[in-house]
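The values are calculated or read from the model by the stated rules, or taken from the named source; none is laboratory data. Predicted model, so just to flag it, every value in this text is computed and none were measured. Neighbour counts are summed over all protein chains in view; Cβ atoms, including those assigned to glycine, are modelled from backbone coordinates with ideal geometry.
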Amino acid sequence: MTVTLVFLAVMMALFGGWLFSHSINVRPWEAQGASTQRSQLPPAMTAPRVGLAVFLAVATSLFALTISAYLMRQEMGHDWRPLAVPGLLWWNSACLVLGSVALQSAWQAARRDNAARLRRGLLVGGGFTIAFILGQALAWWQLQARGIYLAANPANAFFFLLTALHVLHLLGGLFAWSRSLFRLQRGATPREMLPSVELCALYWHFLLLVWGILFVLLLTT
């Protein structure tokens, strides 16, 4: 449970810091419309950003609870037999890192109104992410080929659960990524793409951090 609380605290601190960094330099009393004196949210705190922060908070809770269940189940009985983590996961991790870096580059390109670099960053980021997902599927197949099945023991079941849960979140991210790429192909300018690319990059960074925690957990337990 301590691990869960620490994980939640760190992730929520990151979300809060991100939102605060987008609003600290905004002066709401300078908002347009001098005739009204009603308090307003900082313009930088847009609905998509707040929505993403709320979604990531929910996802953080889900992963934290799953990790907590993993650790508690590990301590419950003698039937827990740790499995050797496939070496392929190291290569998959590298793909996810490169995908996150590419989307960060795309975000910077959108800020600088560089359409060519934006397109390249999106394509490379999505490509490495797809490679990661395919690599995870291959790692699952390798385990089953070695006779390591989901129902064989609790450690196996949690390995498949944790990695599949992460992949499902990535698939959801790829849906948003494909919509952004489609808009760019239809002629949207980098400035118009900036909000969606920003959210994609932040989501990928979140999932990279989550995967890092999961990978260390699987390696050490």
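Criterion applied to LEU207, LEU184 was being surrounded by 17 or more Cβ atoms within 10 Å (Cβ to Cβ), modelled with pLDDT of 90 or more and assigned to a helix (DSSP H, G or I), and the one residue passing it is LEU207. When TRP80, TRP140 are screened for being assigned to a helix (DSSP H, G or I) and among the aromatic types (Phe, Trp, Tyr), only TRP140 passes.
Every condition in (1) free of Cβ contacts under 8 Å to residues at least 24 places away in the same chain; (2) part of a helix (DSSP H, G or I) holds for THR66 except the one numbered (1).
Checking each residue in region 171-181 for being surrounded by 20 or more Cβ atoms within 10 Å (Cβ to Cβ) and of a type in the set (S, T, N, Q) picks out only SER180. Counting only residues that are touching a residue at least 60 places away in the same chain (Cβ under 8 Å), surrounded by 15 or more Cβ atoms within 10 Å (Cβ to Cβ) and either among the β-branched types (Val, Ile, Thr) or at positive phi (or both), region 98-131 holds 1 of them. Given the criteria outside any helix (DSSP H, G or I) and over 23 Å from LEU65 (Cα atoms), does ALA151 qualify? No, not satisfied. If you go through region 50-69 and keep only what is touching a helix residue (DSSP H, G or I) at 6+ places or on another chain (Cβ under 7 Å) and either exposed (fewer than 11 other Cβ atoms within 10 Å of the Cβ) or modelled with pLDDT under 85 (or both), you end up with LEU52, ALA53. Scanning region 186-195 for residues that are closer than 16 Å to THR46 by Cα and without any contact (Cβ under 8 Å) to a residue 40 or more places away in the chain turns up just one, GLU192. The residues of region 89-126 that are touching a Lys or Arg at 6+ places or on another chain (Cβ under 7 Å) and part of a loop (DSSP other than H, G, I, E, B) amount to a single one, ASP113. Only one of the numbered conditions (1) in contact (Cβ under 8 Å) with a residue 24 or more places away in the chain; (2) surrounded by fewer than 17 Cβ atoms within 10 Å (Cβ to Cβ); (3) not in a loop (DSSP other than H, G, I, E, B) is violated by ALA157, and that is (1).
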